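**Q** Okay, handing you the structure first.
The values are calculated or read from the model by the stated rules, or taken from the named source; none is laboratory data. Only a predicted model underlies this, so the values are computations on that prediction, with no experimental measurement involved. Ideal geometry is used to build each Cβ from the backbone, glycine not excepted, and the neighbour counts take in all protein chains shown.
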């Protein structure tokens with residue numbers, strides 16, 4: 001089993017080179033693995049903002065088209081709202097990779113890369129012949145560096161740089177943080193696990209710190225920083241079809257997201273506050289193998 005987990009670590013390490021977008025999908029059924037059994041899953045996931053989240057992102061994108069950039073209080077508030085939505089919720093598509101191991105007595109542990117960071121979880125299931133109900137607890141660690149900061153910095157307290165033009169765009173360059181999550185799953189499986197169905201509820205919070213490339217009118221780029229706290233809750237449905245040891249898995253998560261945070265824009269301590277709330281949709285698909 002040790003060698004299998006070593007292989008999983010190598011696979012997940014390679015996934016670190018993936019994109020920074022994407023949602024934290026589960027892509028596993030409610031039933032747990034047998035003691036010592038290991039599964040590997042690889043695929044893709046995405047997260048898409050709807051409603052208020054999408055409108056917030058549009059405000060950020062609209063700043064590019066505004067003559068002189070975002071300068072009025074309303075325009076700057078919309079700029080901050082859109083940046084918080086984009087950085088904290090993380091819309092986009094990314095690779096997904098995970099390894100899980102059965103611990104016996106209907107217990108299971110897992111390690112996954114979700115496109116924005118690492119997710120570690122443990123769970124216990126109450127299982128019958130065809131049905132199961134599982135309760136879990138997961139911790140997430142966010143770490144990604146999708147871009148490089150400009151040499152000029154405005155979030156350094158000793159920096160004399162202060163943007164004077166309107167705000168045009170904000171591009172994430174690094175993200176770090178942590179979070180906790182509680183997933184509840186109810187599932188069904190057919191004979192020989194040919195078909196498995198699962199549905200459940202998930203909720204949690206996330207605390208993010210980020211750096212980003214701030215562009216002001218006209219095209220002057222600076223390095224800036226910020227932070228955000230995100231609370232979310234929702235549900236999911238998924239299924240798998242296959243013959244041992246290989247399965248194809250599909251899952252869709254829907255959640256209500258609420259993110260609040262601040263952007264630090266200049267060396268004299270100036271900040272912009274922003275908050276965004278709305279629905280997100282996170283579909284995912286992967287291929288899983290058990291050993």
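**Q** Give the range 243-271 a look and list any residue that's surrounded by 18 or more Cβ atoms within 10 Å (Cβ to Cβ), in contact (Cβ under 8 Å) with a residue 60 or more places away in the chain and touching a strand residue (DSSP E or B) at 6+ places or on another chain (Cβ under 7 Å), or say none.
**A** Of everything in the range 243-271, those that are surrounded by 18 or more Cβ atoms within 10 Å (Cβ to Cβ), in contact (Cβ under 8 Å) with a residue 60 or more places away in the chain and touching a strand residue (DSSP E or B) at 6+ places or on another chain (Cβ under 7 Å) turn out to be 249, 251, 253, 257, 259, 261, 263, 264, 265.
**Q** Is at least one residue of the range 166-175 at positive phi and at pLDDT below 95?
**A** To start, the set of residues in the range 166-175 that are at positive phi comprises none.
No; the residues of the range 166-175 include none that is at positive phi and at pLDDT below 95.
**Q** Do we find that residue 185 is crowded, with 16+ Cβ neighbours inside 10 Å and closer than 25 Å to residue 79 by Cβ in this structure? First the steps, then the outcome.
**A** Working: crowded, with 16+ Cβ neighbours inside 10 Å: yes; closer than 25 Å to residue 79 by Cβ: no.
When the stated conditions are applied, residue 185 does not pass them.
**Q** What number goes with the only condition from (1) buried (at least 18 other Cβ atoms within 10 Å of the Cβ); (2) closer than 16 Å to residue 172 by Cα that residue 108 does not pass?
**A** Only one criterion is unmet by residue 108, namely (2).
**Q** Hey, among 78, 90, 49, which residue is farther than 30 Å from residue 106 by Cβ, under 16 Å from the mean Cα position of the chain (by Cα), buried (at least 20 other Cβ atoms within 10 Å of the Cβ) and modelled with pLDDT of 90 or more?
**A** On the way: 78 fails: under 16 Å from the mean Cα position of the chain (by Cα); 90 fails: modelled with pLDDT of 90 or more.
That would be 49, the only listed residue that is farther than 30 Å from residue 106 by Cβ, under 16 Å from the mean Cα position of the chain (by Cα), buried (at least 20 other Cβ atoms within 10 Å of the Cβ) and modelled with pLDDT of 90 or more.
**Q** Which members of the range 197-230 meet the condition of being modelled with pLDDT of 95 or more and over 25 Å from the mean Cα position of the chain (by Cα)?
**A** none
**Q** From the residues in the range 253-272 that are under 15 Å from residue 167 (Cα atoms) and in contact with a helix residue (DSSP H, G or I) (Cβ under 7 Å, 6 or more places away or on another chain), which one is modelled with the lowest pLDDT?
**A** Within the range 253-272, the match that is modelled with the lowest pLDDT is 272.
**Q** Which residue pairs have Cβ atoms under 9 Å apart, sit 6 or more places apart or on different chains, and have a first residue in the range 132-156 that is at positive phi and crowded, with 16+ Cβ neighbours inside 10 Å and a second that is assigned to a strand (DSSP E or B) and modelled with pLDDT of 75 or more?
**A** From residues that are at positive phi and crowded, with 16+ Cβ neighbours inside 10 Å, there are no pairs.
**Q** Okay, moving on. Being crowded, with 24+ Cβ neighbours inside 10 Å, farther than 20 Å from residue 227 by Cβ and at pLDDT 95 or above: is that true of residue 125 here? Before you say what the answer is, go through the steps one by one.
**A** Details: crowded, with 24+ Cβ neighbours inside 10 Å: no; farther than 20 Å from residue 227 by Cβ: yes; at pLDDT 95 or above: yes.
No, not satisfied.
**Q** Something else about it: Does residue 274 satisfy the criteria of being in contact with a strand residue (DSSP E or B) (Cβ under 8 Å, 6 or more places away or on another chain), in contact (Cβ under 8 Å) with a residue 40 or more places away in the chain and in a strand (DSSP E or B)? I'd like the intermediate steps shown before the answer.
**A** On the way: in contact with a strand residue (DSSP E or B) (Cβ under 8 Å, 6 or more places away or on another chain): yes; in contact (Cβ under 8 Å) with a residue 40 or more places away in the chain: yes; in a strand (DSSP E or B): yes.
Answer is yes for this residue.
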